[in-house]
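Structure first, then comments.
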Amino acid sequence: MEKIFSYLIDKYSGVGKNFIDAFLIFLFGWYGIKILIHFIVKMMNRSHIDPIVINFVKSIIHIGLKIILLITVIAQLGVPVTSFVAVLTTAGAAIVLGLQDSMKGIVSGIVILFAKPFVKGDIIEVNTYIGKIQEIQLLYTILMTFDNKMVVIPNNELASSTFVNYSHEDKRRVDMTIDIHYHNDVELAKKLIMNVINQHPYTLKEPLVYVRVSEYRENSIAISLRVWTETEHYYDLKDDLTEQIKKAFDHEGIVIPYSQLDVHVHNSDETQN
(Lines give C-alpha, C1' and ligand atoms only; values in the text may rest on other atoms or scores of the structure.)
Protein backbone atom coordinates (compact mmCIF):
# COMPACT_ATOMS: atom_id res chain seq x y z
CA MET A 1 0.00 0.00 0.00
CA GLU A 2 2.82 2.37 0.82
CA LYS A 3 4.29 1.78 -2.64
CA ILE A 4 0.90 2.48 -4.24
CA PHE A 5 0.42 5.74 -2.31
CA SER A 6 3.94 6.80 -3.11
CA TYR A 7 3.35 6.06 -6.78
CA LEU A 8 0.09 8.06 -6.86
CA ILE A 9 1.65 10.98 -5.01
CA ASP A 10 4.63 11.03 -7.34
CA LYS A 11 2.41 10.78 -10.39
CA TYR A 12 -0.29 13.32 -9.52
CA SER A 13 1.54 15.77 -7.28
CA GLY A 14 2.46 17.80 -10.35
CA VAL A 15 -1.16 17.85 -11.48
CA GLY A 16 -2.27 19.25 -8.11
CA LYS A 17 0.40 21.94 -8.25
CA ASN A 18 -0.62 22.89 -11.80
CA PHE A 19 -4.25 23.06 -10.75
CA ILE A 20 -3.43 25.35 -7.83
CA ASP A 21 -1.25 27.55 -10.06
CA ALA A 22 -4.01 27.71 -12.68
CA PHE A 23 -6.56 28.66 -10.03
CA LEU A 24 -4.31 31.42 -8.68
CA ILE A 25 -3.66 32.72 -12.20
CA PHE A 26 -7.40 32.75 -12.88
CA LEU A 27 -8.20 34.46 -9.57
CA PHE A 28 -5.57 37.19 -9.80
CA GLY A 29 -6.12 37.60 -13.54
CA TRP A 30 -9.87 37.99 -13.16
CA TYR A 31 -9.61 40.75 -10.58
CA GLY A 32 -6.61 42.26 -12.34
CA ILE A 33 -8.70 42.67 -15.50
CA LYS A 34 -11.41 44.46 -13.52
CA ILE A 35 -8.88 46.83 -11.97
CA LEU A 36 -7.21 47.53 -15.33
CA ILE A 37 -10.51 48.22 -17.11
CA HIS A 38 -11.62 50.50 -14.27
CA PHE A 39 -8.36 52.45 -14.61
CA ILE A 40 -8.69 52.73 -18.41
CA VAL A 41 -12.33 53.88 -18.21
CA LYS A 42 -11.40 56.44 -15.58
CA MET A 43 -8.63 57.85 -17.79
CA MET A 44 -10.96 58.03 -20.82
CA ASN A 45 -13.61 59.82 -18.74
CA ARG A 46 -11.03 62.40 -17.74
CA SER A 47 -10.24 62.93 -21.43
CA HIS A 48 -13.96 63.66 -22.08
CA ILE A 49 -14.24 60.86 -24.63
CA ASP A 50 -17.76 60.08 -25.80
CA PRO A 51 -19.49 57.43 -23.60
CA ILE A 52 -20.28 55.34 -26.70
CA VAL A 53 -16.57 55.03 -27.49
CA ILE A 54 -15.76 54.28 -23.84
CA ASN A 55 -18.28 51.42 -23.72
CA PHE A 56 -17.03 50.01 -27.02
CA VAL A 57 -13.36 50.11 -25.97
CA LYS A 58 -14.28 48.69 -22.57
CA SER A 59 -16.08 45.73 -24.20
CA ILE A 60 -13.22 44.98 -26.62
CA ILE A 61 -10.56 45.08 -23.87
CA HIS A 62 -12.76 43.05 -21.52
CA ILE A 63 -13.33 40.27 -24.06
CA GLY A 64 -9.73 40.23 -25.30
CA LEU A 65 -8.16 40.04 -21.86
CA LYS A 66 -10.51 37.29 -20.70
CA ILE A 67 -9.69 35.20 -23.77
CA ILE A 68 -5.97 35.60 -23.03
CA LEU A 69 -6.61 34.67 -19.39
CA LEU A 70 -8.57 31.56 -20.41
CA ILE A 71 -5.79 30.39 -22.74
CA THR A 72 -3.18 30.98 -20.02
CA VAL A 73 -5.17 28.95 -17.46
CA ILE A 74 -5.68 26.07 -19.89
CA ALA A 75 -1.98 26.05 -20.75
CA GLN A 76 -1.08 25.99 -17.03
CA LEU A 77 -3.21 22.88 -16.59
CA GLY A 78 -1.04 21.13 -19.17
CA VAL A 79 -3.65 21.07 -21.92
CA PRO A 80 -2.22 21.70 -25.43
CA VAL A 81 -3.50 25.09 -26.55
CA THR A 82 -2.15 25.16 -30.11
CA SER A 83 -5.30 23.63 -31.57
CA PHE A 84 -7.48 25.77 -29.32
CA VAL A 85 -5.78 28.97 -30.47
CA ALA A 86 -6.06 27.85 -34.12
CA VAL A 87 -9.80 27.28 -33.71
CA LEU A 88 -10.25 30.69 -32.08
CA THR A 89 -8.23 32.37 -34.83
CA THR A 90 -10.26 30.68 -37.57
CA ALA A 91 -13.54 31.51 -35.86
CA GLY A 92 -12.46 35.11 -35.35
CA ALA A 93 -11.46 35.47 -39.00
CA ALA A 94 -14.81 34.02 -40.11
CA ILE A 95 -16.71 36.41 -37.85
CA VAL A 96 -14.73 39.42 -39.10
CA LEU A 97 -15.36 38.49 -42.75
CA GLY A 98 -19.04 37.91 -42.07
CA LEU A 99 -19.40 41.24 -40.30
CA GLN A 100 -17.16 43.18 -42.65
CA ASP A 101 -19.74 45.88 -43.42
CA SER A 102 -20.66 46.20 -39.76
CA MET A 103 -17.00 46.54 -38.82
CA LYS A 104 -16.62 49.34 -41.36
CA GLY A 105 -19.58 51.07 -39.76
CA ILE A 106 -18.09 50.66 -36.28
CA VAL A 107 -14.74 52.06 -37.41
CA SER A 108 -16.50 54.98 -39.10
CA GLY A 109 -18.53 55.58 -35.96
CA ILE A 110 -15.38 55.68 -33.83
CA VAL A 111 -13.76 58.10 -36.30
CA ILE A 112 -16.82 60.38 -36.15
CA LEU A 113 -16.95 60.26 -32.35
CA PHE A 114 -13.23 61.01 -31.99
CA ALA A 115 -12.88 63.58 -34.80
CA LYS A 116 -16.23 65.24 -33.90
CA PRO A 117 -17.07 66.89 -37.25
CA PHE A 118 -20.49 67.24 -35.60
CA VAL A 119 -21.97 66.52 -32.20
CA LYS A 120 -25.43 65.87 -30.83
CA GLY A 121 -27.67 68.89 -31.44
CA ASP A 122 -25.80 70.20 -34.50
CA ILE A 123 -27.76 71.04 -37.65
CA ILE A 124 -26.23 69.39 -40.71
CA GLU A 125 -27.11 68.86 -44.37
CA VAL A 126 -26.24 65.51 -45.96
CA ASN A 127 -27.67 63.65 -48.96
CA THR A 128 -30.47 66.25 -49.49
CA TYR A 129 -31.51 65.98 -45.82
CA ILE A 130 -31.28 68.90 -43.39
CA GLY A 131 -31.89 68.35 -39.70
CA LYS A 132 -30.58 68.16 -36.16
CA ILE A 133 -28.32 65.36 -34.92
CA GLN A 134 -30.42 63.33 -32.52
CA GLU A 135 -28.02 60.53 -31.68
CA ILE A 136 -24.63 59.14 -32.75
CA GLN A 137 -24.22 55.37 -32.41
CA LEU A 138 -21.36 53.12 -33.49
CA LEU A 139 -23.18 51.85 -36.58
CA TYR A 140 -25.42 54.75 -37.56
CA THR A 141 -26.35 58.37 -36.88
CA ILE A 142 -29.93 59.54 -36.34
CA LEU A 143 -30.95 62.84 -37.93
CA MET A 144 -34.27 64.57 -37.13
CA THR A 145 -35.51 66.82 -39.93
CA PHE A 146 -37.35 70.06 -39.24
CA ASP A 147 -40.66 68.43 -40.15
CA ASN A 148 -39.93 65.77 -37.50
CA LYS A 149 -38.88 62.88 -39.73
CA MET A 150 -36.22 60.50 -38.44
CA VAL A 151 -33.42 59.78 -40.91
CA VAL A 152 -31.06 56.90 -40.10
CA ILE A 153 -27.70 57.27 -41.87
CA PRO A 154 -25.05 54.47 -41.74
CA ASN A 155 -21.80 55.83 -40.35
CA ASN A 156 -19.67 54.34 -43.15
CA GLU A 157 -21.83 56.23 -45.66
CA LEU A 158 -21.74 59.40 -43.58
CA ALA A 159 -17.96 59.26 -43.11
CA SER A 160 -17.43 59.08 -46.88
CA SER A 161 -19.99 61.78 -47.78
CA THR A 162 -19.67 65.53 -48.04
CA PHE A 163 -21.89 67.25 -45.52
CA VAL A 164 -22.44 70.78 -44.26
CA ASN A 165 -22.43 71.55 -40.54
CA TYR A 166 -24.50 74.69 -39.97
CA SER A 167 -23.85 74.68 -36.22
CA HIS A 168 -20.06 74.45 -36.22
CA GLU A 169 -19.53 78.20 -35.79
CA ASP A 170 -21.19 80.55 -33.31
CA LYS A 171 -22.20 83.05 -36.00
CA ARG A 172 -23.84 82.74 -39.42
CA ARG A 173 -24.52 85.22 -42.22
CA VAL A 174 -28.01 85.72 -43.61
CA ASP A 175 -27.82 86.35 -47.37
CA MET A 176 -30.91 87.67 -49.14
CA THR A 177 -31.71 89.33 -52.46
CA ILE A 178 -34.74 91.61 -52.80
CA ASP A 179 -36.04 92.94 -56.12
CA ILE A 180 -37.67 96.35 -56.53
CA HIS A 181 -39.30 97.98 -59.55
CA TYR A 182 -37.21 100.27 -61.77
CA HIS A 183 -39.39 103.32 -61.03
CA ASN A 184 -38.83 103.00 -57.25
CA ASP A 185 -36.34 105.07 -55.27
CA VAL A 186 -33.31 102.81 -54.75
CA GLU A 187 -31.88 104.87 -51.88
CA LEU A 188 -35.21 104.83 -50.05
CA ALA A 189 -35.45 101.05 -50.47
CA LYS A 190 -31.92 100.59 -49.10
CA LYS A 191 -32.72 102.89 -46.16
CA LEU A 192 -35.86 100.91 -45.30
CA ILE A 193 -33.93 97.64 -45.43
CA MET A 194 -31.20 99.05 -43.17
CA ASN A 195 -33.80 100.30 -40.67
CA VAL A 196 -35.46 96.88 -40.47
CA ILE A 197 -32.10 95.13 -40.02
CA ASN A 198 -30.77 97.53 -37.38
CA GLN A 199 -33.96 97.41 -35.33
CA HIS A 200 -34.01 93.63 -35.13
CA PRO A 201 -32.67 92.28 -31.79
CA TYR A 202 -30.91 89.31 -33.44
CA THR A 203 -28.78 91.48 -35.72
CA LEU A 204 -25.08 91.58 -34.80
CA LYS A 205 -23.28 94.90 -35.15
CA GLU A 206 -20.05 93.19 -36.21
CA PRO A 207 -19.31 92.31 -38.97
CA LEU A 208 -21.00 95.32 -40.54
CA VAL A 209 -24.33 95.00 -42.35
CA TYR A 210 -24.10 95.01 -46.16
CA VAL A 211 -26.92 96.45 -48.31
CA ARG A 212 -26.05 97.25 -51.95
CA VAL A 213 -27.48 97.09 -55.44
CA SER A 214 -26.11 93.87 -56.89
CA GLU A 215 -27.75 93.44 -60.29
CA TYR A 216 -29.92 95.08 -62.95
CA ARG A 217 -32.37 92.46 -64.09
CA GLU A 218 -34.84 92.44 -66.96
CA ASN A 219 -37.76 93.72 -64.90
CA SER A 220 -36.23 94.70 -61.56
CA ILE A 221 -33.30 96.05 -59.60
CA ALA A 222 -31.75 93.46 -57.25
CA ILE A 223 -30.63 94.61 -53.80
CA SER A 224 -28.44 92.19 -51.85
CA LEU A 225 -28.23 92.23 -48.08
CA ARG A 226 -25.82 90.39 -45.78
CA VAL A 227 -26.28 90.44 -42.04
CA TRP A 228 -24.65 88.38 -39.30
CA THR A 229 -26.42 86.73 -36.38
CA GLU A 230 -25.87 84.02 -33.81
CA THR A 231 -26.28 80.57 -35.33
CA GLU A 232 -29.25 79.66 -33.14
CA HIS A 233 -31.17 82.74 -34.41
CA TYR A 234 -30.41 82.30 -38.13
CA TYR A 235 -33.82 81.07 -39.31
CA ASP A 236 -35.76 83.43 -37.04
CA LEU A 237 -33.86 86.45 -38.34
CA LYS A 238 -34.16 85.42 -41.99
CA ASP A 239 -37.92 84.88 -41.77
CA ASP A 240 -38.45 88.09 -39.78
CA LEU A 241 -36.50 90.16 -42.32
CA THR A 242 -38.48 88.69 -45.20
CA GLU A 243 -41.75 89.64 -43.52
CA GLN A 244 -40.79 93.02 -42.07
CA ILE A 245 -39.07 94.34 -45.21
CA LYS A 246 -42.23 93.59 -47.22
CA LYS A 247 -44.33 95.53 -44.69
CA ALA A 248 -41.90 98.48 -44.78
CA PHE A 249 -41.97 98.50 -48.59
CA ASP A 250 -45.77 98.44 -48.68
CA HIS A 251 -45.96 101.33 -46.23
CA GLU A 252 -43.64 103.51 -48.35
CA GLY A 253 -44.96 102.42 -51.76
CA ILE A 254 -41.89 100.40 -52.80
CA VAL A 255 -43.06 97.80 -55.33
CA ILE A 256 -41.65 94.27 -55.47
CA PRO A 257 -42.16 93.25 -59.13
CA TYR A 258 -43.62 89.93 -60.13
CA SER A 259 -43.97 88.11 -63.42
CA GLN A 260 -47.18 88.85 -65.26
CA LEU A 261 -48.67 87.87 -68.60
CA ASP A 262 -50.72 90.25 -70.72
CA VAL A 263 -53.29 88.52 -72.94
CA HIS A 264 -54.83 90.41 -75.89
CA VAL A 265 -58.02 89.00 -77.40
CA HIS A 266 -58.86 90.00 -80.98
CA ASN A 267 -62.40 89.76 -82.28
CA SER A 268 -62.31 87.80 -85.53
CA ASP A 269 -65.39 89.60 -86.94
CA GLU A 270 -63.87 93.03 -86.35
CA THR A 271 -60.66 91.86 -87.98
CA GLN A 272 -62.52 90.77 -91.12
CA ASN A 273 -64.37 94.12 -91.33
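For the range 31-65, the set of chymotrypsin sites (Phe, Trp or Tyr not before Pro) satisfying both a DSSP loop assignment and a count of at most 10 other C-beta atoms within 10 Å is empty. Annotation for the range 161-261: chymotrypsin sites (Phe, Trp or Tyr not before Pro) lying in DSSP loop with at most 10 further Cβ atoms inside 10 Å of their Cβ are Y258. Extending 7 Å from the Cα toward the beta-carbon at both K247 and I67 defines two label points whose distance is 6.7 nm. Spatially close Lys pairs in the range 126-273, defined by Cα atoms under 27 Å apart and a spacing of eight or more places or different chains, total 24.
Working note: Debye formula, equal point scatterers on the alpha-carbon atoms of the range 143-248, no solvent; log10 I(q)/I(0) at q = 0.15, 0.20, 0.24 Å⁻¹ is -0.74, -1.02, -1.28. Summary of the geometry: the range 26-67 and the range 134-193, compared by the centres of their Cα atoms, lie 40 Å apart. Surface calculation, 1.4 Å probe, protein heavy atoms: L24 sits at approximately 70 Å² accessible. Hydrodynamic analysis of the range 22-75 uses the Kirkwood radius over alpha carbon pairs. Inserted into Stokes-Einstein at 20 °C and 1.002 mPa s, it gives a translational diffusion coefficient of 181 µm²/s. Here's how it looks for V174: its modeled amide H is under 5 Å from those of V227, W228, T229, which are all 5 or more places away or on a different chain. The alpha carbon convex hull volume per residue for the range 194-258 rounds to 96 Å³. Loop-located trypsin sites (Lys or Arg not before Pro) in the range 154-221 (DSSP state not H, G, I, E or B) with no more than 13 neighbouring Cβ atoms inside 10 Å: K205, R217. The listed residues K120, K238, K104, once ranked by accessible area (1.4 Å probe) with the largest placed first, stand as K120, K104, K238.
To the nearest 10, the accessible area of D179 is 40 Å² with a 1.4 Å probe.
The values are calculated or read from the model by the stated rules, or taken from the named source; none is laboratory data. Just so we're clear, the structure is a prediction, and the values are computed from it rather than from any experiment. Here the Cβ is made from the backbone with ideal geometry for all residues, glycine too, and neighbour counts use every protein chain on show. We work out accessible area using only protein heavy atoms, side chains counted, and drop any ligands, DNA or RNA first. Shrake-Rupley method; radii C 1.70, N 1.55, O 1.52, S 1.80 Å.
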